């Protein structure tokens, strides 16, 4: 697949370009990677996305520079999510069917909260989407975004 700078049908590219709606959730934008919090209503404070800046489906289509920086970016953002939220681990999930643009979900996992365990987190997500579970507090999300921006300002992310 030849990746283009932006594909009109790609939701992720549209979100990247919609600063009026999603700019408050953006935590980092570099040459290769964009980091943003999940849009509101968010399932969890700290549910973060690591996205390629360039329209590209996945690692098989990375440039050498994207491939070289992917591990460092994943490590830096995951460590920051863990540090800021106090979670026990950070899940990295990428499906790639919803949009032909790589966006890795970095999801905080709290051992004391069974609803964030493994595949249960998908049920948590759907329950928030259906209004069966309260969404994350927008004020707490804004605080997380502020702290993540500060943390990533000195992180090795391209």
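The values are calculated or read from the model by the stated rules, or taken from the named source; none is laboratory data. Predicted model, so just to flag it, every value in this text is computed and none were measured. Positions of Cβ are backbone-derived with ideal geometry, glycine not excepted, and every protein chain shown enters the neighbour counts.
Test of understanding: among 99, 80, which residue is surrounded by 13 or more Cβ atoms within 10 Å (Cβ to Cβ), modelled with pLDDT under 95 and within 15 Å of the chain's Cα centre (by Cα)? Talk me through it step by step, then tell me what you get.
Details: 80 fails: modelled with pLDDT under 95.
Among 99, 80, only 99 is surrounded by 13 or more Cβ atoms within 10 Å (Cβ to Cβ), modelled with pLDDT under 95 and within 15 Å of the chain's Cα centre (by Cα).
Pick from 39, 43: which is surrounded by 13 or more Cβ atoms within 10 Å (Cβ to Cβ), out of contact with any strand residue (DSSP E or B) (no Cβ under 6 Å at 6 or more places or on another chain), touching a residue at least 40 places away in the same chain (Cβ under 8 Å) and closer than 29 Å to residue 139 by Cβ?
Criteria check complete, one pass: 43.
So, in the stretch 134-155, of the ones that are assigned to a loop (DSSP other than H, G, I, E, B) and modelled with pLDDT of 95 or more, which residue ends up surrounded by the fewest Cβ atoms within 10 Å (Cβ to Cβ)?
The residue in question is 134.
For residue 109, indicate whether it is without any contact (Cβ under 8 Å) to a residue 24 or more places away in the chain and in contact with a strand residue (DSSP E or B) (Cβ under 9 Å, 6 or more places away or on another chain).
Judged against the criteria, residue 109 is a match.
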